[in-house]
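The structure is given below, and queries will be raised subsequently.
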């Protein structure tokens, strides 16, 4: 009997915790655990397929010392308002760049890896558009995009990404090396392996 009571108590606690998560996963903003992929972490959310009904527009195509205005707008034939979001500016190596300021109502610049590098909501505030200021890095770290997710509701959200902005001047050598030693090296190795596999296959067929 005591064991059954214990099991029942655990089940009740699980239900309560699940209810708390469903209630508070949305209104208070994105948690730090979502910093890596910028996607909602609550259990009932589902990434929507197809084109996003939201557009991210930057007021410049080149970044340098000046701040850049970022506009997020609901677009399309069936315009959808949004309630939640989590956005970062990332270079092609996937590293967060710069920080956000002049944030709109019911939002904040939170810290994932660097001070104020991530923009998220602070309440379930209905809106069709918003503007925020992004302060880019001082040096050229390659192309940067504003990327992340925007949610229509607790169960529907889309992955979003802006067009890239390029840095002024010569690109930082460290970012060039990082990119080349990553995907570029892997690509060359894959090509070499494919060639060797073809040669060995032909030799095997001869015997």
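Within segment 42-59, work out how many residues are surrounded by fewer than 13 Cβ atoms within 10 Å (Cβ to Cβ) and farther than 19 Å from residue 128 by Cα.
Within segment 42-59, residues that are surrounded by fewer than 13 Cβ atoms within 10 Å (Cβ to Cβ) and farther than 19 Å from residue 128 by Cα number 5.
Given the conditions (1) modelled with pLDDT of 95 or more; (2) within 16 Å of residue 70 (Cβ to Cβ); (3) more than 18 Å from the chain's Cα centre (by Cα), which single one is not true for residue 117?
So residue 117 meets the others, but not (3).
Shifting gears a bit: So is residue 105 touching a residue at least 40 places away in the same chain (Cβ under 8 Å) and under 13 Å from residue 130 (Cβ atoms) or not? Let's see the steps before the verdict.
Details: touching a residue at least 40 places away in the same chain (Cβ under 8 Å): no; under 13 Å from residue 130 (Cβ atoms): yes.
Considered against the rule, which asks whether it is touching a residue at least 40 places away in the same chain (Cβ under 8 Å) and under 13 Å from residue 130 (Cβ atoms), residue 105 comes out as no.
Collect the residues in segment 165-180 that are touching a strand residue (DSSP E or B) at 6+ places or on another chain (Cβ under 8 Å) and either on the phi < 0 side of the Ramachandran plot or at pLDDT below 75 (or both), keeping them in residue-number order.
Result: 165, 166, 167, 168, 170, 171, 172, 175.
While we're on this one: Restricting to segment 140-167, count the residues that are surrounded by 16 or more Cβ atoms within 10 Å (Cβ to Cβ), under 17 Å from the mean Cα position of the chain (by Cα) and without any contact (Cβ under 8 Å) to a residue 60 or more places away in the chain.
Residues flagged as surrounded by 16 or more Cβ atoms within 10 Å (Cβ to Cβ), under 17 Å from the mean Cα position of the chain (by Cα) and without any contact (Cβ under 8 Å) to a residue 60 or more places away in the chain within segment 140-167 amount to 1.
The values are calculated or read from the model by the stated rules, or taken from the named source; none is laboratory data. Note that the coordinates shown come from a computational prediction; the quantities given were computed from them, not determined experimentally. All Cβ positions, glycine included, derive from the backbone under ideal geometry; neighbour counts span all protein chains shown.
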